[in-house]
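Working notes, beginning with the structure itself.
The values are calculated or read from the model by the stated rules, or taken from the named source; none is laboratory data. Here the structure is a predicted model, which is why all the values come from computation and not from measurement. As a convention, Cβ positions derive from the backbone with ideal geometry for all residues, glycine included, and neighbour counts pool all protein chains shown. Note: areas computed on protein heavy atoms with side chains; ligands, DNA, RNA excluded. Shrake-Rupley method; radii C 1.70, N 1.55, O 1.52, S 1.80 Å.
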Amino acid sequence: MSKRWLKEHRKETYYRQAKKSGYRSRAAYKLLQINKKFRIFKANQKVLDLGAAPGGWSQVAVELVAPSGTVIGVDIDPIKPLEGAEFIKGDMTSEDTMDLIKSKIDYADVIISDMSPNISGHYSVDQAKSVYLAEQALDVVVRMLKPGGHFIVKIFQGEDFPEFLQKLKERFEFCKVHSPPASRAQSSEVYVVCKGAYDKR
Ligand SMILES: C[S@@+](CC[C@H](N)C(=O)[O-])C[C@H]1O[C@@H](n2cnc3c(N)ncnc32)[C@H](O)[C@@H]1O
């Protein structure tokens, strides 16, 4: 049994599980696995989900912050309505989108970003775009995350990753680079899980 076969098989398994359980994406399992390991979510929190389409992470967040949590999801693409969440169609690189978010919530307890660029196939280009999106998410953290709050961000590993990680370490008590089992094993995406935002106001 080759390594490649095992990876493909695992990917397929999460895809089938997601379809069966009603999750909109295989990515939902990544968030469940991250939460199981790092205990990010609690009842009644306010969550901001960046790059939320088609809504798998938002579904998980809605479940984990029930009964009185708030989940706001943002994406360039439209997202089908989901009970317990509110969606904004907007580009996270635009200030107008920030204004829309602020009209819904004034702070977040948890910010999660699964934003990915459209893959061009040229790794250095895609990686640079991924870092740019992660930087945008960090900007939202600086502006909206409550002191003590948590942040999960996806990023493609590359040359400028250590510098980005350093910025995160300056803002949080705990930062860990993590690759959940449901992540595509062949991709170089990782998640940085950050807990306990310092009060830098
Ligand atoms: C991997 S998908 C997210 C999957 C989602 N977490 C789920 O579980 O359903 C990445 C998303 O990032 C979004 N995205 C990329 N660039 C963005 C931007 N500048 N602003 C908002 N969303 C963006 C894409 O449209 C895409 O839907």
Kindly flag which residue pairs out of 129/169; 30/146; 19/154; 46/102 have an alpha-carbon separation exceeding 18 Å in this structure.
-> 129/169; 30/146; 19/154
How big is the equivalent ellipsoid of the chain along its three axes, where each semi-axis is √(5λ) from the Cα gyration tensor, reported in whole Å from largest to smallest?
-> 24, 21, 17
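Just need the relative contact order of the chain here, percent rounded to a whole number, with Cα pairs under 8 Å and 6+ apart. Each step should come with its number before you reach the end.
Numbers: 365 pairs, mean separation 37.4, N = 201.
Taking the mean separation of contacting Cα pairs over the length of the chain, I get 19 percent.
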How large, in percent, is the carbon and sulfur part of the accessible surface of the stretch 151-201 at a probe radius of 1.4 Å?
-> 45 percent
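I need the calculated FRET efficiency for the pair residue 135 and residue 19, taking r as the beta carbon distance and R₀ as 45 Å, to the nearest 0.05.
On the way: r = 34 Å, r/R0 = 0.75.
The calculated FRET efficiency here is 0.85.
Within 10 Å, count the other beta carbons around each residue, average over each peptide in 25-36, 85-96, and list them highest first.
25-36, 85-96
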Full extension between residue 125 and residue 174 adds, at 0.36 nm per residue less the Cα distance, a length in nm of 14.7 nm
Carbon and sulfur %, accessible surface of the stretch 24-63 computed with the full protein complex present, 1.4 Å = 47 percent
For residue 172, other-chain or 5+-apart residues with amide H closer than 5 Å (H placed, Pro excluded) are 198
Net charge over other residues, Cβ less than 13 angstrom from the Cβ of residue 124 (K, R count +1; D, E count -1) | -2
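Residues of the stretch 106-159: accessible area per residue at 1.4 Å, in Å²?
Numbers: 2320 Å² over 54 residues.
Accessible area per residue: 43 Å².
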Just name one of 162, 79, 191: the one whose Cα is farthest towards the positive end of the charge dipole of the chain (beta-carbon charges, Lys/Arg +1, Asp/Glu -1).
-> 191
Could you size up the charge dipole of the chain around its Cα centre, putting +1 on the beta carbon of Lys and Arg and -1 on that of Asp and Glu, and report it in debye to the nearest 20?
-> 1080 debye
